[in-house]
1. Look through 62, 73 and report the one residue that is under 16 Å from residue 443 (Cα atoms) and in contact (Cβ under 8 Å) with a residue 12 or more places away in the chain.
2. Give me the residue from the stretch 305-314 that is among the hydrophobic types (A, V, I, L, M, F, W, C) and either within 13 Å of residue 259 (Cβ to Cβ) or in a loop (DSSP other than H, G, I, E, B) (or both) and, out of that set, nearest to the chain's Cα centre (by Cα).
3. If you go through the stretch 408-420 one residue at a time, do you hit one that is part of a helix (DSSP H, G or I), in contact (Cβ under 8 Å) with a residue 12 or more places away in the chain, more than 30 Å from residue 349 (Cα to Cα) and among the polar types (S, T, N, Q)?
4. Exactly one condition in (1) crowded, with 21+ Cβ neighbours inside 10 Å; (2) without any contact (Cβ under 8 Å) to a residue 40 or more places away in the chain is false for residue 67; which is it?
5. Considering only the stretch 345-362, how many residues are in a loop (DSSP other than H, G, I, E, B) and more than 17 Å from the chain's Cα centre (by Cα)?
6. Between residues in the stretch 422-438 that are over 22 Å from residue 329 (Cα atoms) and residues that are among the polar types (S, T, N, Q) and buried (at least 16 other Cβ atoms within 10 Å of the Cβ), which pairs lie under 8 Å by C-beta distance while being six or more apart or on different chains?
7. What number of residues in the stretch 49-76 are outside any loop (DSSP other than H, G, I, E, B) and among the β-branched types (Val, Ile, Thr)?
8. With respect to residue 127, determine if the residue is more than 22 Å from residue 405 (Cβ to Cβ) and not hydroxyl-bearing (Ser, Thr, Tyr).
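The values are calculated or read from the model by the stated rules, or taken from the named source; none is laboratory data. All figures in this text were calculated on a predicted structure; none of them were measured in a lab. Here the Cβ positions follow ideal geometry from the backbone for every residue, glycine too, while neighbour counts run over all protein chains shown.
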Amino acid sequence: MDKRQFLKTASTLAGAAIVSPLLQCNPKHEKIASTETLYNWAGNLQFSTTHLHQPKNLEEAVRLVKELPKLRVLGSRHSFNSIADSEEHLVSTNFLNRLVELDKETRKVTVEAGMKYGDLCLLLEKEGYALHNLASLPHISIAGSISTATHGSGMENGNLSSAVAAIEFINGNGALVRLSRQKDPDIMGAVIGLGAVGMLTKVTLDIEPSYDMAQVIYKDLPMHVLKDHLAEIMGAGYSVSLFTDWKSENINQVWVKKRPNENGEFGFPSELFGASPYEKAVHPVQSMSAESCTTQLGETKKWFEILPHFKMEFQPSAGKELQSEYFIPIEHAYEAISSIQEMANEISPLLFISEIRAIKADELWLSPCYHRDAIAIHTTWKQEVPEVMEILPKMEARLAPFQARPHWAKLFTISPSELESRYPKLNDFRKLMHQYDAEGKFRNPFIERNILGNN
């Protein structure tokens, strides 16, 4: 079995993704027969069909949903499992990327589903507004990100889905559905919908006035200080990330991103629990150039130039990697980190880097942070598929006592029965799927197995 087929058959997940204009839909929206093979961003997953459709407006998207018997929706293709795969038809949101409305009075912005966060940031900043947080990459689509509970970091910051005030989607019958946080309880299940409730077409997000930020990177934080000071360290800035290769008793880097205080000062300490600031810009993988990374060394920039780790204008890496991530209740963070540290000899040869982030609890049904503040242990792996898929169950076994929840768009092997025990609203989500897509038009093997429990 080759690497790509191995990934397809593994019990893993993938999030929505971006699709560049590889193929054009014809005016009649018939299925596209093509020999062009489609891959996800990382290149580790080959999609099971070449039938790619790219509607250019809402009317075309509605017609496609009505006409196609089975489909999955693609965003930026930044997913590492088969969550966005389809054996029949793929519908891309690539051209559904316009700003719909900026409501300054209510501080809301509405965009089409395919817009990327990096593009929205520029539009908002021009009008003097900002988002509460961003993921490490600004290159990802908004709909794909919120559908899979993608996140940034910050003890007081919810994931990107928590900023959603309203959504519009096409249900399985081809009808438009609009849900708002203010009026519709169903939105708590539909926002992180894994592409299984319908095709997202518009998203409304909370915004706030633009703000300045700066970041300083600290080196060699002793791992043991996390036992008694984890909350202080993760709360040392508006957004804090810990990077480690597990090779020593130290955290390699601590990325501290701050907003100024009321006096306009950032107040970065000269030492952080034994870690000292770098005097030059660094990449999370220290052997790589920092050219693609956002501004460091305490220089003041706008929010969107600091919150991500990587600049919009740079591809952060060749994409040839794998990713996994597990969310642990924050009260068990040190135990979980220590347990993974014990696997250092197994992990390190397969690793680019691991990142530890904090995310605030929320009310979204399929959020890994549903009703619990969490620490996320993210790992960027070398693209050694069999070896990584062999080590993931070992990591998951170590994290099982803490009821670890996986990132929906990254690699995992946790069984459907375990997922059900860890996501208390999973059965309610199944009912929501049936309500909006009774015939299962948007389902695929990933949804069948991991959400419905069908092998």
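1. Just one listed residue meets the conditions, 73.
2. The extreme case among them is 307.
3. Scanning the stretch 408-420 turns up at least one residue that is part of a helix (DSSP H, G or I), in contact (Cβ under 8 Å) with a residue 12 or more places away in the chain, more than 30 Å from residue 349 (Cα to Cα) and among the polar types (S, T, N, Q).
4. (1)
5. 0
6. Filtered contacts from the stretch 422-438: 436/171; 437/171.
7. Residues flagged as outside any loop (DSSP other than H, G, I, E, B) and among the β-branched types (Val, Ile, Thr) within the stretch 49-76 amount to 3.
8. Criteria met by residue 127.
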